[in-house]
Amino acid sequence: MPVIHDSVSDIKLATFAETAQATVPHYMGLLGRGFSIDLSAAVDLAPTPNKPNSARASSEIRYLGRAAGTATVIVFDVTEGSGDLNTFLMDQVDMGDFPHRTQYVPRSKAAVHTEAHFPLGAGRPGASNLSKYAGCLTLIELEAGKLVRGGYLGDNPEDFERLVDRGVGGYAGVTLTTGFSDRAAVDDGLAVHFGDPHAVVNETQTAQACMFVSVPSNPGSDGHFLIDAMQRLAFA
């Protein structure tokens, strides 16, 4: 169901924004002292009719006042995703049993050193309150030119649907979508850049909002502080 005026899946964009305003500060606290975000910008959701998802907002994340990365809050309706045709055309990958839709086509993450997914909340059509921290997106990756499911971001599908049905929150789990596992190997130019390329798709029956935090491919010391913080949360 597309964005209609100010709603997604009959849920007002303001409801998603209010949920983000309540949950983003929690994650900022988990990242640790010294990190800050322009919360008003991060939750100022606007429809994205030219993208394969419904709405988004973004803000810089700073460490001790210096730029460290970017936070992007995105609302995904059912079947929406992040894929595009800028890296691969649909006939350049083996779609297998996946729908032949743009949102499933992985895109390059060469410009990103590390990225992490932070679930913010989800709700059934018409909900006035979302299940905070609940989320479940499918990670779509390429293996030998064929699309595969690389796992789930947030809750697993069964737990996610149960949380939303009960109207309770998720566990606020952080998942790395792109990055390197060995900094020394990165410095030597030998590390594997996992999650590059990839797409994420909402294969559930529930609209949801999440935040992606990314650090560019040439992070300075402040970017590395953010990378370390996200890795700590993801591997906790």
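The values are calculated or read from the model by the stated rules, or taken from the named source; none is laboratory data. Because the structure is predicted, anything quoted here is derived from the model rather than measured. Reconstructed Cβ throughout: ideal geometry from the backbone, glycine too, with neighbour counts over all protein chains shown. Heads up: the accessible areas ignore ligands, DNA and RNA and are worked out on the full protein's heavy atoms, side chains in. Shrake-Rupley method; radii C 1.70, N 1.55, O 1.52, S 1.80 Å.
Where in the chain is the longest stretch that carries no chymotrypsin sites (Phe, Trp or Tyr not before Pro) classed as loop by DSSP and with at most 13 other Cβ atoms within 10 Å?
The longest uninterrupted stretch comes out as 1-170.
Taking the solvent-accessible surface of protein heavy atoms with a 1.4 Å probe, what is the per residue accessible area of segment 60-179 in Å²?
That works out to 43 Å² for each residue.
Simple spin-label model, 7 Å along Cα-to-Cβ: L89 to T48 in nm?
2.5 nm
Would you mind checking which residues have amide H under 5 Å from H198's amide H? H placed 1.01 Å from N; only 5 or more apart, or other chain.
Here R107, K109 satisfy the definition.
Keeping all protein chains in place and using 1.4 angstrom, which order do R33, R62 fall into by accessible surface area, from largest down?
R33, R62
Nothing charged except the Cβ atoms of Lys and Arg (+1) and of Asp and Glu (-1): what's the magnitude of the dipole of the chain about its Cα centre? Round to the nearest 20 debye.
480 debye
Keeping all protein chains in the complex and leaving out DNA, RNA and ligands, what accessible area do you get for E158 with a 1.4 Å probe, in Å² to the nearest 10?
E158 has an accessible surface of roughly 120 Å² with all protein chains in place.
First measure r as the distance between the Cβ atoms of E60 and D97, then evaluate 1/(1 + (r/R0)^6) with R0 = 45 Å and state the FRET efficiency to the nearest 0.05.
0.70
When a/c is below 1.5 the answer is rounded, else prolate if a/b is larger than b/c, else oblate, so apply that to segment 10-104 with a ≥ b ≥ c taken from the square roots of the Cα gyration tensor eigenvalues.
Prolate, because a/c is 1.5 or more and a/b exceeds b/c.
May I ask you to rank S36, S214, S128 by accessible area, largest first, using a 1.4 Å probe over the protein chains only?
So, going from the largest accessible area down, we get S128, S36, S214.
Using r as the Cβ-Cβ distance of D228 and A110, and R0 as 25 Å, what FRET efficiency do you calculate, to the nearest 0.05?
The value I calculate is 0.70.
Counting only protein heavy atoms and a 1.4 Å probe, tell me what percentage of the chain's accessible area is made up of carbon and sulfur.
So the carbon and sulfur contribution to the accessible surface is 50 percent.
If the chain between A22 and K146 were fully stretched, how many nm would it gain, using 0.36 nm times the residue separation less the Cα-Cα distance?
Net length gain for the segment: 40.8 nm.
Classify segment 116-157: rounded, prolate or oblate, from the alpha-carbon gyration tensor (a ≥ b ≥ c, eigenvalue square roots; a/c under 1.5 rounded; otherwise prolate if a/b is larger than b/c)?
The shape class here is prolate.
Could you derive backbone 3J(HN,Hα) for segment 213-219 from the dihedral phi with the Karplus parameters 6.51, -1.76 and 1.60 (θ = phi - 60°), listing whole Hz in sequence and x where the residue is Gly or Pro?
10, 10, 10, x, 5, 10, x
Starting from 0.36 nm per residue, how many nanometres of slack lie between A191 and R162 once their C-alpha separation is accounted for?
Between A191 and R162, full extension yields an extra 6.6 nm.
Sequence-distant or interchain residues sharing an amide H contact under 5 Å with A134, placed H: which?
Under 5 Å from the amide H of A134 lie the amide H atoms of G121, A122, G170, each far enough along the sequence or on another chain.
Work out how much length N129 to D6 would gain on full extension: take 0.36 nm times their residue separation and subtract the Cα-Cα distance, in nm to one decimal.
Result: 42.7 nm gained on full extension.
Once a ≥ b ≥ c are taken as the square roots of the eigenvalues of the Cα gyration tensor of segment 94-203, is the result rounded (a/c under 1.5), prolate (a/b larger than b/c) or oblate (a/b not larger than b/c)?
oblate
If the reach is capped at under 21 angstrom between alpha carbons, list the lysines near K51, excluding any in the same chain fewer than eight residues apart.
Hits, sequence-local ones excluded: K12, K109.
Could you pull the accessible area for D84 with a 1.4 Å probe, rounded to 10 Å²?
We get 30 Å² for D84.
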